Amino acid sequence: MKVQDKYTIVIGLEVHAQLQTQSKIYNSDSAAYGGLPNSHVSVITLAHPGTLPKLNRKAVEYAIKMGLACNSEISRYQIFDRKNYFYPDLPKGYQLTQDRTPICKGGFITITTKAGERNIPLNRIHIEEDAGKSIHLENEPDTLVDFNRSGVALIEIVTEPELRSSEEAAALLAEVRKVVRYLDICDGNMEEGSLRCDANVSLMLKDATVYGKKVEIKNMNSMRHVQRAVDFEVERQRAILESGGQIISETRTFDANTGETYGMRTKEELNDYRYFPDPDLSPLQISEEWLETVKASMPALPRELKEKFIATYKLPVYDASLLTQSKELAQYFETACTFTTNYKAVSNWLMGPVKSYLNETNQEADKLPVSPQKLARVIELIDFGKVNFATASQKLFPEMLANPQLEPAELAQKLNLIQDSNQDSLLPVVEQILNEFPQKVEEYKKGKKNILTMFMGEAMKRTKGKADPKLINELFLQKLN
């Protein structure tokens, strides 16, 4: 019996996105990733007595952008709160965050899974500061602490407990990553910790009206890890419930090597954090003028572009979905389409040879050596029968990557790739092949039409791939029929 037959899986995500501000959220220390340990710190980061925080305006604007992208209500009046807990990497002994007045309330994120599209409601998006990093070296008795990350600006995107499978959880994290990158507010680099995810997981009987005890899985840094961790946790909780046991509300960690979750500590309750308004930060007021300015700076988002690609460029849904997976790829496509009207050919190139190259080199489309204009010129060469797609993708494109300053037509000529579209020179080749394979000709005439593929292959081999496939196909059909 599947878990879903007896239980409802209840999942809520808390996604932390590190904002791409140059300085930290409450002081001017560098927020850059890396650097020598404890080199991006000052007396404010280290919480020396008498130091005071000052809010980073850009962090607020980035948070508003995320709220607008998620159809959230933007709070016009906000206060900041102290969330008290004591870890070695939290110098103040509290985290500055937003409790009662999050900057963004409600909203939703649309996810796409095998079951189709679904809107996942959000509880809130709030601003807060990151903690430092504790480093536990193997076989060492001491813990090292790096405060470079302490005070870096974060937003936390909190969903309602409305996700119902590990697939939906992974899809939501992927959608958040895509949106923050389109907005240019977070680089979405999960390996570096710029985007991290906690998952709250519980099970409830199908006919129950009250949620089961939830378990929080902390700090997962990939869609795959989220999916694996949720799957393991669902099975672990099911086994406990089926054996008559009780779920303990606790915080657990996920080990990517074993694929299992492990208990860390019992779950804190809200009153354990002793939230209270921070007396050192003034209340934040968002004016209508400021809000309108941020709205005016919003870029086109993935779903808007997907609809545009389908309506304007007449692309299939599949193409439009893939091309809008990354902002850079979508921009490259639109730029290339200003130089050619063969929009489907641009899409085919980006989903084929270009995507293969980008995957191999782990780059985005804005780093592609071949410009959109030159890719359009390759498409033009194919459309005018100068080269065929196979030759262009396998021979011309690699040379263009190595020599991006050269024109495609110049390179094709230099490499002797310009195809033969002269009927007078191709007809003897066709006739010679048919004369050499009389038995195959008879088989074709008796109904084995796929033999034409063999004839075409033979012709391309004899012309070293330079024969115009369309013309050579027509010549074979003329002779055979």
Out of all the residues in region 37-58, is one or more in a helix (DSSP H, G or I) and either modelled with pLDDT under 95 or of a type in the set (Phe, Trp, Tyr) (or both)? no
Report yes if some residue within region 427-444 is modelled with pLDDT under 90, within 30 Å of Glu360 (Cβ to Cβ) and out of contact with any Leu (no Cβ under 8 Å at 6 or more places or on another chain); otherwise report no. no
From the residues in region 126-145 that are β-branched (Val, Ile, Thr) and surrounded by fewer than 21 Cβ atoms within 10 Å (Cβ to Cβ), which one is farthest from Gln18 (Cα to Cα)? Thr143
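Quick one: count up the residues across region 123-150 that are assigned to a strand (DSSP E or B) and either touching a Lys or Arg at 6+ places or on another chain (Cβ under 8 Å) or under 29 Å from Phe108 (Cβ atoms) (or both).
Going through region 123-150, the residues assigned to a strand (DSSP E or B) turn out to be 123-129, 133-136, 143-146.
Checking the rest, the ones that are also either touching a Lys or Arg at 6+ places or on another chain (Cβ under 8 Å) or under 29 Å from Phe108 (Cβ atoms) (or both) come to 123-129, 133, 145-146.
Looking only at that region, the number is 10.
Within the group Lys448, Lys464, which residue is assigned to a loop (DSSP other than H, G, I, E, B), at negative phi and of a type outside the set (A, V, I, L, M)? Reasoning before the result, please.
Working: Lys464 fails: at negative phi.
The unique qualifying residue is Lys448.
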Going through (1) over 21 Å from Arg124 (Cα atoms); (2) surrounded by 22 or more Cβ atoms within 10 Å (Cβ to Cβ) one by one, Ala63 fails only at (1)
Please go through region 325-343 and pick out each residue that is among the hydroxyl-bearing types (Ser, Thr, Tyr) and surrounded by fewer than 16 Cβ atoms within 10 Å (Cβ to Cβ). Thr338, Thr341
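Residues checked against (1) surrounded by fewer than 13 Cβ atoms within 10 Å (Cβ to Cβ); (2) at pLDDT below 90; (3) more than 18 Å from Glu14 (Cβ to Cβ); (4) among the acidic types (Asp, Glu):
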position: Cys197; (1), (2), (3), (4): no, no, no, no
position: Leu203; (1), (2), (3), (4): no, no, yes, no
position: Asp207; (1), (2), (3), (4): yes, yes, yes, yes
position: Tyr211; (1), (2), (3), (4): no, no, no, no
position: Glu216; (1), (2), (3), (4): no, no, no, yes
position: Asn221; (1), (2), (3), (4): no, yes, no, no
position: Gln237; (1), (2), (3), (4): no, no, yes, no
position: Glu242; (1), (2), (3), (4): yes, no, yes, yes
position: Thr258; (1), (2), (3), (4): yes, no, yes, no
Residues in region 320-346 that are in contact (Cβ under 8 Å) with a residue 60 or more places away in the chain and closer than 16 Å to Ser371 by Cβ total 0
Determine the pairs where a residue that is in contact (Cβ under 8 Å) with a residue 60 or more places away in the chain and in the same structural domain as Gly457 (by TED's automatic domain parsing), located within region 381-405, has a partner that is in a loop (DSSP other than H, G, I, E, B) and charged (D, E, K, R) with Cβ atoms under 6 Å apart, the partner being 6 or more residues away or on another chain. none
What's the number of the condition Lys308 fails, among (1) within 22 Å of Ala412 (Cα to Cα); (2) surrounded by 16 or more Cβ atoms within 10 Å (Cβ to Cβ)? (1)
Residues being within 21 Å of Lys470 (Cβ to Cβ) and in a loop (DSSP other than H, G, I, E, B): count how many of those fall in region 375-414. 5
Per the list (1) within 23 Å of the chain's Cα centre (by Cα); (2) buried (at least 16 other Cβ atoms within 10 Å of the Cβ), residue check on Gly34 breaks on (2)
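Looking at the structure I just gave you, is Asn271 at pLDDT below 90, under 30 Å from Ser72 (Cβ atoms) and in a strand (DSSP E or B)?
Values: at pLDDT below 90: yes; under 30 Å from Ser72 (Cβ atoms): yes; in a strand (DSSP E or B): no.
The answer is no for Asn271.
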For Glu117, are the conditions met, namely being among the charged types (D, E, K, R) and surrounded by fewer than 18 Cβ atoms within 10 Å (Cβ to Cβ)? yes
Filter pass, Ile185 being closer than 15 Å to Val15 by Cβ, hydrophobic (A, V, I, L, M, F, W, C) and over 19 Å from the mean Cα position of the chain (by Cα): no
Which one of the conditions (1) over 30 Å from Arg57 (Cα atoms); (2) among the polar types (S, T, N, Q); (3) part of a strand (DSSP E or B) does Gln246 fail to meet, given that it meets all the rest? (3)
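Considering each of Ser326, Ser371 in turn, give the residue that is of a type in the set (Gly, Ala, Ser), out of contact with any strand residue (DSSP E or B) (no Cβ under 7 Å at 6 or more places or on another chain), within 16 Å of Arg181 (Cα to Cα) and in the same structural domain as Asn403 (by TED's automatic domain parsing). Show your work before the answer.
Numbers: Ser371 fails: within 16 Å of Arg181 (Cα to Cα).
Going through Ser326, Ser371 in turn, the sole match is Ser326.
So if I check each of Tyr7, Tyr26, which one is over 28 Å from the mean Cα position of the chain (by Cα), at pLDDT below 95 and under 30 Å from Ser222 (Cβ atoms)?
Numbers: Tyr26 fails: at pLDDT below 95.
Just one listed residue meets the conditions, Tyr7.
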Within region 19-36, the residues that are in contact with a Lys or Arg (Cβ under 7 Å, 6 or more places away or on another chain) and outside any loop (DSSP other than H, G, I, E, B) are none
Considering residues that are surrounded by 20 or more Cβ atoms within 10 Å (Cβ to Cβ) and part of a loop (DSSP other than H, G, I, E, B), the number found within region 345-369 is 1
Only one of (1) under 21 Å from the mean Cα position of the chain (by Cα); (2) under 30 Å from Asn38 (Cβ atoms) does not apply to Ala169, and that is (2)
Set Tyr85, Tyr26: member being among the aromatic types (Phe, Trp, Tyr) and surrounded by 21 or more Cβ atoms within 10 Å (Cβ to Cβ): Tyr26
Taking region 169-194 and keeping only residues that are over 17 Å from Gln325 (Cα atoms) and of a type outside the set (S, T, N, Q), one is left with Ala169, Glu191, Glu192, Gly193
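The values are calculated or read from the model by the stated rules, or taken from the named source; none is laboratory data. These numbers were taken from a predicted model, which means no experiment stands behind them. Every residue, glycine among them, receives a Cβ derived from its backbone with ideal geometry; neighbour counts consider all protein chains shown.
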